[in-house]
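To start, the structure itself, in structure tokens.
The values are calculated or read from the model by the stated rules, or taken from the named source; none is laboratory data. Owing to the predicted nature of the structure, the values given are computational and were not obtained by experimental measurement. As a convention, Cβ positions derive from the backbone with ideal geometry for all residues, glycine included, and neighbour counts pool all protein chains shown.
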Amino acid sequence: MKRFITLLCAVLAAAGFGVAAQSPAPELMFDSNPSLLTMPDDIYLGEIGGVAANSKGDIYVYTRTGHPTISIGTSRAFAHGGSRLFQFDRTGKFVRELGKDSYGMMVAQQVRIDPQDNVWIVDQMAGYVNKLDAQGRPVLMLGRKPESINVPANAGRGGGGEGGPGRGRGGLPGAGAQSDVFNRPTDVAWDSAGNIFVADGMGNARVAKFDSKGVFIKSWGSRGAEPGMFANVTAIAVDAQGNVYAADAGNKRIQVFDNSGTFKSAITNVGAPGALCLTPGTNQMLYVSNSNPPEDFDSGGEIYKVRLDGTIVGKFGKAGKRPKEFGTVNSIDCRTENTLLVGELANMRVQKLTLR
Amino acid sequence: MKRLLACVPAVLLAFSSARPAAQQKATVQNVAEIPYTSVPNFLKMPAGETLGEAIGVATNSKGHVFVYHRSANTRLWEFDKNGAFVKEIGKGYYGFEFAHSVRVDTQDNIWTVDEGTNTVTKFSPDGKFLMVIGHRPPAVEGAVATVFGPNQPSQKYIFCRPTDVGWDPQGNIFVSDGYCNNRVVKYDKDGRFVAESGSEKAGSEPGQYSLPHGLQVDGRGHVWVADRTNNRYQELDNDLKPLKQYTNLGTGWTVCVSAGPHQYVFASNSNPNGNGPGTWANTGEIYKMELDGTVLGKFGHASKDFGGFQVVHMMDCRNPNEIIVGEIESWRVQKLLLQPQASKTGSSR
């Protein structure tokens, strides 16, 4: 009987009936600098796919800007342009553009900086993860940009970012190919051994693991709502122990896996997670954004601070266009626990937040 | 037979809404001609550059002229009050793809309405990005075939080929939206949705729209809407309740409200693209009105020649005696000097 009660409590807690989950998350006090980044007169930031700082405080922004273009050539149509990668110093002063006129910068999805200060960009449309060294030279590429696109893409969503042959063929829906062929990938993270984890993504519904040289190891997940399945994988982070945190916005949860992809637990009561960040150090904290979609500025939008066991420390912000409000947060940098860089798609800006 | 006759107007209406370029002769009678001259070579282009379709024109408080035009890419250029080129604004901006309107607010912020990206963007007086309302669909969704059939349900924060923007004295933002919604939307100064009039569906009742193509707000906070395919202008109160409609001025292409304590409304019965048979002689003119709707005069006519109009798409009337017009077809901006005239009620105010 005692065992039964313990089990019942565990079930109730897992179902969200726990005391902690019922009490509202405390509001955390914070300030914002919405105009940290200064642009040259002839360059405009667009929608912020990703923002990240390196060990020196240099800030990288991968942004959807310019003109996504279809060129008419042979019977095939070629797509190019639409995103750019900019570098700023720690004070927000513009330094330079990286990868100007790149073959593959189309729909900026994320930028992350690894412990060696390499710059990793994820492009949702070109369907690749590209590791650039600190000078901006590409040194490792996962995935490949599709050669051409269908016009019109009457298949609708996914028509532009399809990664090529082998996409889930014969397998479970969203499981993808056992390789680095992505379908609208969204994010990248690393463990302490340098293994690479890719969130794949909006078209597929899986996490793919590669070694530090980019050799495919395994992938897990398919489309669904069961533990280990995803509606989509919108962001990813890896803690110091090698556990993998995969944001599953469509199922309103973050799933936690061990380093080999075995499901461990789910973090809930944080809305639909659109962006994730893990602080460095020994007492790691997780920031997660309940990102409002661009068509709704009247609900959601807040960011949660969460312990790795899923306990919610507090939340801050809401959807809106004023400073300290958020418009579809797609990226959080939390290299310093109480100083965040937040990139917004719909508001086309980066805010530097200071938690009090 | 009676039933057959009764259905005729409905058929005509459907026909006209399927052809938004169809033009209508104004029915207002005995309107005085306002003499004017067009300033030769007003705008001086940057070396090696030319204007495209001059879709949007606006001035700021210093008399600088902003032209939002469809070039190889849609571009926004600033000229000084003498027409000398100052600079380009928004080069490569993600919200520029297919120009529809540029307007300048009372603080000299510059606002663009882009129907190719479904965005309304606020730039500072020196051209820095400040705020965007609306959202460009991400390219990853691919090239989408042009949709025929019923419009999708309208959404508070998503536009469908929006057309124009204006503000009331409190700074609330009003957007006419557009080619594939048929509504007017009100936001507060921070871009938060307040109210809408109309919906995605076209209609001809007061408070319904069929291609709301231009919009401005007067000093009382009343909203003037050029309701193009309904061949009328509608005047709304500040809460978007319909007050009046003006059906005698031809096709409502675009509207302008002058600055200052005594405001005038300018309304353009723009001639149609291509100047179809029967349209040359009786379209193309611009009307000048009092805020109460009294028509004071008219000027202009359809013509490809300098001084005439070849599809006026937007007017600036900050100074009611200096009208700047942007035209679609002749890829030009003209500055018109109107001969000042006393208003009918001006002396008593």
Mind counting the residues in the range B:73-129 that are hydroxyl-bearing (Ser, Thr, Tyr), more than 20 Å from B:Phe174 (Cα to Cα) and more than 14 Å from chain A (Cβ to nearest Cβ)? 0
For the range A:82-126, the count of residues that are in a loop (DSSP other than H, G, I, E, B), more than 14 Å from chain B (Cβ to nearest Cβ) and either over 16 Å from the mean Cα position of the chain (by Cα) or hydroxyl-bearing (Ser, Thr, Tyr) (or both) equals 10
Name the residues in the range A:273-298 that are hydroxyl-bearing (Ser, Thr, Tyr) and within 14 Å of chain B (Cβ to nearest Cβ), would you? A:Ser291
Take the range A:25-79 and flag every residue that is modelled with pLDDT under 95, surrounded by fewer than 18 Cβ atoms within 10 Å (Cβ to Cβ) and more than 13 Å from chain B (Cβ to nearest Cβ). A:Gly73, A:Thr74, A:Ser75
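So is A:Ala134 modelled with pLDDT under 95 and away from every other protein chain (no Cβ under 14 Å) or not?
yes
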Quick one: would you say A:Asn150 is at pLDDT below 90, within 14 Å of chain B (Cβ to nearest Cβ) and exposed (fewer than 14 other Cβ atoms within 10 Å of the Cβ)? no
Which fully enclosed strands (runs of 3 or more DSSP E) of the range A:195-243 have 2 or more residues being in contact (Cβ under 8 Å) with a residue 60 or more places away in the chain? A:196-200
Look through the range B:254-276, keep the residues that are closer than 15 Å to B:Leu211 by Cβ and among the small types (Gly, Ala, Ser), and return whichever of them is surrounded by the fewest Cβ atoms within 10 Å (Cβ to Cβ). B:Ser268
Taking strands (runs of 3 or more DSSP E) that fall entirely within the range B:46-104, which contain at least 1 residues that are free of Cβ contacts under 8 Å to residues at least 60 places away in the same chain and farther than 20 Å from B:Asp164 by Cβ? B:74-79, B:85-89
Checking A:Asn330 against (1) within 14 Å of chain B (Cβ to nearest Cβ); (2) over 28 Å from A:Gly174 (Cβ atoms); (3) in contact with a Leu (Cβ under 6 Å, 6 or more places away or on another chain), the condition it does not meet: (2)
Considering only the range B:216-223, I want to know if a residue exists there that is buried (at least 17 other Cβ atoms within 10 Å of the Cβ), closer than 19 Å to B:Ala267 by Cβ and among the aliphatic types (A, V, I, L, M). yes
B:His213, sole failed condition from (1) assigned to a strand (DSSP E or B); (2) farther than 25 Å from B:Ile55 by Cα; (3) more than 14 Å from chain A (Cβ to nearest Cβ): (2)
Among the strands (runs of 3 or more DSSP E) contained in the range B:280-331, which hold 2 or more residues that are closer than 24 Å to B:Ser71 by Cα? B:312-319, B:322-327
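With the requirement that a residue be of a type outside the set (Phe, Trp, Tyr) and in a strand (DSSP E or B), what does the range A:325-340 give you?
As a first pass, look at the range A:325-340 and keep what is of a type outside the set (Phe, Trp, Tyr): A:325, A:327-340.
Listed by number, the residues that qualify are A:Glu325, A:Val329, A:Asn330, A:Ser331, A:Ile332, A:Asp333, A:Cys334, A:Arg335, A:Thr336, A:Thr339, A:Leu340.
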What tally of residues in the range B:137-162 results from selecting those that are surrounded by 23 or more Cβ atoms within 10 Å (Cβ to Cβ) and either more than 10 Å from every other protein chain (Cβ to nearest Cβ) or in contact with a Ser or Thr (Cβ under 6 Å, 6 or more places away or on another chain) (or both)? 2
Going through the range A:299-310 in order, the residues found to be surrounded by fewer than 23 Cβ atoms within 10 Å (Cβ to Cβ), away from every other protein chain (no Cβ under 14 Å) and part of a loop (DSSP other than H, G, I, E, B) are A:Leu308, A:Asp309, A:Gly310
Hits in the range B:120-141 (condition: over 21 Å from the mean Cα position of the chain (by Cα), free of Cβ contacts under 8 Å to residues at least 24 places away in the same chain and part of a strand (DSSP E or B)): B:Leu130
On the given criteria, is B:Gly284 touching a helix residue (DSSP H, G or I) at 6+ places or on another chain (Cβ under 6 Å) and either modelled with pLDDT under 95 or buried (at least 24 other Cβ atoms within 10 Å of the Cβ) (or both)? no
From the list B:Ser270, B:Ser204, B:Ser197, which residue is at pLDDT 95 or above, of a type in the set (Ser, Thr, Tyr), assigned to a loop (DSSP other than H, G, I, E, B) and in contact with a Gly (Cβ under 7 Å, 6 or more places away or on another chain)? B:Ser270
When A:Gly176 is evaluated against the numbered criteria (1) within 14 Å of chain B (Cβ to nearest Cβ); (2) in contact with a strand residue (DSSP E or B) (Cβ under 7 Å, 6 or more places away or on another chain); (3) at pLDDT below 95, which criterion, by number, is the only one it fails? (1)
Just to be sure before I move on: is B:Thr37 modelled with pLDDT of 95 or more, among the hydroxyl-bearing types (Ser, Thr, Tyr) and over 30 Å from B:Thr117 (Cβ atoms) in the structure I sent? yes
Complete set of residues in the range B:216-237 that are free of Cβ contacts under 8 Å to residues at least 60 places away in the same chain and not in a strand (DSSP E or B): B:Gly219, B:Gly221, B:Asn230, B:Asp237
Which residues, taken from the range B:170-201, are more than 14 Å from chain A (Cβ to nearest Cβ), in contact with a Ser or Thr (Cβ under 8 Å, 6 or more places away or on another chain) and surrounded by fewer than 18 Cβ atoms within 10 Å (Cβ to Cβ)? B:Ser199
Can we say A:Arg90 is surrounded by 12 or more Cβ atoms within 10 Å (Cβ to Cβ), within 23 Å of B:Gly142 (Cα to Cα) and of a type in the set (Lys, Arg)? no
